[in-house]
Amino acid sequence: MQGATRAGERRGAHSSCAIPALSSMGLAMSLAGLPAPAAAQGLAPLISRAAPQDFAGLALVLGLIAFATTTALVHLRERRRWARQEALLAGENEELRARADRVAMLVATEPQLLVSWHGRDAEPQIEGDVGILGEGASGRRVLAFGSWLPAAGAQALERALERLKERGERFQMNLRATSGAYYEAEGRAIGGRAVLRLREVTGDRLDLLRHRDALAEAQAERRALAGVLDGLPEPAWRRDAEGRLIWVNRAYAKAVEAADPAEAVSRGLELLDAPTRKAMERQRAAGATYRDRVTAVVAGARRVLDVTETPSVDGTAGIAIDVSELEAVRSDLERQMAAHVRTLDQLPTAVAIFDAGQRLTFCNAAYRELWQLDATFLEAGPTDSEVLDELRARRRLPEQADFRAWKADVLAAHRSVEPQEHWWYLPDGRTLRVLANPNPKGGVTYLFDDVSERFNLESRFNALLSAQGETLNSLREGVAVFGSNGHLKLCNPAFGHLWQLSEDVLADLPHIDDVIRLCGLLAPRQEAWDVIRGAVAGVHDTRTGFAARMDRRDGTVIDCVTAPLPDGSTLLTFTDVTASVEVERALKERNQALEQASRLREDFVHHVSYELRSPLTNIIGFVQLLDAETVGPLNDKQREYASHITKSSAALLAIINDILDLATVDNGAIALACEEIDIRETIDAALTGLQDRLAERDIGVVIDVPADIGRFVADAKRVRQVLFNLLSNAIGFSDPGQTVTVTARREGEEVVFTVSDTGRGIAPEVRARVFDRFESHTLGSGHRGVGLGLSIVRSFVELHGGTVALDSAPGRGTTVTCRFPRVPSRAAAE
């Protein structure tokens with residue numbers, strides 16, 4: 001374009017030079033009025049006739065003509081030359097334009113950017129596609145290399161541009177932008193300009209660059225990994241496909257006692273024994289990783305190693321970690337954990353440990369006993385939430401209005417870093433102190449401390465202190481406690497009132513000597529006070545309690561009792577026994593009178609019982625003779641009367657016998673005739689005398705006795721009497737059609753008899769007195785008695801060393817249980 005402009009300028013210059021010549025030539029021709037050849041032919045005659053001045057004008061004209069002609073000729077020649085030059089320049093221009101188009105076409109064939117500098121400090125000229133740097137890119141962003149290149153790439157490009165501008169050093173480099181794209185940067189010095197060309201790398205070259213960077217990273221990682229493996233204290237190695245060592249680290253060389261890794265590889269020194277290597281070969285052949293804990297000799301010492309060998313494409317890689325100390329620590333830890341578990345199992349405090357996943361990992365015996373959960377449930381490792389849900393389902397947790405919120409508050413211990421304390425008041429009345437202690441590696445350890453007894457003891461202790469204080473203050477006896485230093489510690493108001501000591505004196509906590517001095521005014525007998533002083537202020541090891549009676553001047557009699565206390569104090573009690581002394585004689589006299597009355601009563605009971613039994617026996621005999629009609633026949637009315645007399649006589653005889661038995665028991669004169677008796681035969685014998693009553697009242701009897709129950713040692717007569725009385729009561733309080741059940745069982749070292757009925761039952765207020773003598777309650781039934789049957793039962797069972805229990809409720813019947821020892825004690829037998 002610039003060449004075409006200069007050619008045009010030269011053509012204009014030639015045209016301006018040719019214009020004067022043409023003008024001169026035209027002027028000469030116009031003056032002559034002839035064409036140029038004719039003018040030349042006509043000049044000759046004119047010259048001959050011309051004057052000198054005419055020659056001057058002619059010369060002038062001729063000079064002008066010559067000049068015009070010459071000028072025209074020169075103009076023509078130059079015009080032809082400039083025309084040729086113009087055509088040459090035009091061709092050059094077209095060629096340059098074509099070259100420019102070709103260059104533009106070549107530049108446009110791929111996205112690229114050209115930046116040129118005419119001088120070091122000149123403004124850069126930017127041409128090309130700025131969009132290769134991303135959307136929104138601008139010229140300023142192109143030159144702000146740090147905005148689209150990493151710091152290292154931006155610094156390298158800036159240094160290369162500086163060298164290009166200063167020294168014209170050519171460069172070419174590949175850059176990776178922060179966006180991940182690759183760019184090729186090329187710098188050259190062209191025509192005094194520094195030119196930077198940037199273009200985005202695509203296609204195969206991009207793949208090549210990416211693979212090259214990946215290779216470089218892999219090589220760097222490999223070198224780093226090799227350095228790390230070589231610096232490991234654990235032996236590491238690599239094997240080829242044939243199982244031969246191709247690389248080992250320094251720790252491996254040290255383990256096999258080689259000078260360096262190269263020697264270990266060249267000599268093929270193996271760290272592991274042959275069986276282990278064969279097992280590794282089998283795993284390698286199967287394409288699996290070998291893992292095992294083996295023993296090997298490492299640097300001359302036998303160690304325990306965790307060996308891992310992993311197959312790769314061209315072989316295997318392995319490492320051996322020395323776990324000897326870990327194994328020793330693990331064994332020691334297992335022993336300690338076992339001891340810890342045994343210790344925890346012996347603790348009365350319930351312990352439960354949950355891991356980071358909130359699953360139960362351990363609970364001691366106290367925990368299992370506290371909550372009574374199934375062993376299978378606990379061994380399954382339930383979560384903390386599942387345990388709480390199970391306890392709630394069994395109604396063993398505190399009742400909560402919002403159980404979900406309460407449970408979330410309990411489970412918050414798993415996210416806490418501080419121990420949490422809760423108090424649980426269980427439905428069964430127990431109080432638990434629950435301590436949730438977070439574990440260092442996650443999870444919680446729960447401690448359940450049953451403080452019910454402590455609370456009860458504390459409450460009882462406080463109540464006892466209060467009761468003792470109130471009791472001491474309300475006692476009529478004077479009570480004083482002196483410390484080990486001899487000074488008064490506490491006393492009740494009765495003490496000061498008894499010895500006429502003011503509250504001010506007692507408030508100063510006087511010494512025992514001062515108290516004796518003040519009290520001695522009322523009781524001058526010094527011997528008792530000396531003993532009291534020795535009991536209070538004497539040597540602790542020799543202090544003993546004593547009792548003394550003191551007579552005061554006013555006639556009052558005081559009983560003093562001293563008792564050493566465990567803390568070194570001494571308790572003194574002063575009791576006014578004046579009235580007791582006065583009535584003691586009367587009591588002794590009355591006691592003697594009561595003893596005589598008791599003997600008279602016993603004699604009367606025995607005398608009357610025996611005197612009554614003798615004629616009663618005669619009556620029964622005669623009635624039986626009449627009933628047997630041995631002296632003559634009886635009519636129906638007489639037979640009915642005889643039956644009534646027989647039944648009444650038998651009942652009276654039973655009452656008299658019971659009274660005699662009770663009197664014998666009271667006197668301690670009864671002795672058991674113990675022998676081995678058959679249990680089933682004893683029950684049958686007791687039922688024999690009740691068959692008539694059973695048939696009369698339509699009462700059924702069920703005997704539940706195992707066939708192999710066998711025998712036991714007891715007084716057969718007394719056992720039959722016990723069963724007879726129990727069955728008689730059960731029949732009497734049963735309605736017609738009901739059933740009485742007799743049961744006998746062996747329970748450990750005891751023989752248990754149970755007599756049950758389904759009658760009316762016994763009310764609670766009556767049940768407490770049924771074993772008392774002469775307590776008779778019909779309870780709406782037709783049964784009558786004097787109330788000695790159950791008294792006899794209890795007396796005879798207790799003589800054997802057993803116990804009697806009664807269970808009854810209105811409308812539910814009555815069950816009486818008698819427990820006899822398998823063999824009565826010697827005292828009971830005697």
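Bear in mind that the values in this text are calculations on the coordinates, not laboratory data. From a predicted model like this one, the values you see are computed outputs, not experimental measurements. FYI the Cβ positions are ideal-geometry reconstructions off the backbone, even for glycines, and counts take in every protein chain you see.
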- Message: Under the 0.36 nm per residue contour assumption, what length would be gained going from the current alpha-carbon distance of Ile321 and Lys278 to full extension?
- Response: 13.5 nm
- Exactly which trypsin sites (Lys or Arg not before Pro) in the range 144-186 are in a DSSP loop and have at most 14 other Cβ atoms within 10 Å? Arg170
- Task: Give the shape of the range 207-356 as rounded, prolate or oblate, defined through the alpha-carbon gyration tensor: a ≥ b ≥ c are the square roots of its eigenvalues, a/c under 1.5 means rounded, and otherwise the shape is prolate if a/b is larger than b/c and oblate if not.
- Result: prolate
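Ranked from highest to lowest mean number of other Cβ atoms within 10 Å per residue, what is the order of the peptides 481-487, 373-379, 632-638?
Ranking, from highest mean packing down: 481-487, 373-379, 632-638.
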- Using only the Cα atoms of the range 201-262, each taken as one equal point scatterer with no solvent, compute I(q) by the Debye sum, divide by I(0), and report log10 of the ratio at q = 0.14, 0.19, 0.20, 0.28 Å⁻¹. -0.56, -0.75, -0.79, -1.08
- Message: Please compute the modelled spin-label separation between Arg163 and Arg711, points set 7 Å along Cα→Cβ, answer in nm with one decimal.
- Response: 12.5 nm
- Message: Between Arg590 and Arg77, what is 0.36 nm times their sequence separation minus the Cα-Cα distance? Round to one decimal in nm.
- Response: 165.8 nm
- Task: Can you tell me what the convex hull of the Cα atoms of the range 473-512 projects to on average, as an area in nm²?
- Result: 2.6 nm²
- Note on the structure: On the formula 1/(1 + (r/R0)^6), with r taken between the Cβ atoms of Glu86 and Glu127 and R0 of 25 Å, the FRET efficiency rounded to 0.05 is 0.20
- Loop-only check: which GluC sites (Glu not before Pro) in the range 208-317 are DSSP coil with at most 16 other Cβ within 10 angstrom? Glu242, Glu257, Glu270
- Item | Calculated over the range 356-476: convex hull of Cα atoms, volume per residue (Å³) | 140 Å³
- Provide the gained length on full extension for the span Asp684 to Arg267, in nm with one decimal, where the gain is 0.36 nm per separating residue minus the Cα-Cα distance. 140.0 nm
- Rg/Rg_globular for the range 412-462, with Rg_globular taken as 2.2 N^0.38 Å and Rg from C-alpha atoms: 1.40
- Task: Note down the nm distance, to one decimal, between modelled labels 7 Å out along Cα→Cβ at Asp551 and at Arg335.
- Result: 8.0 nm
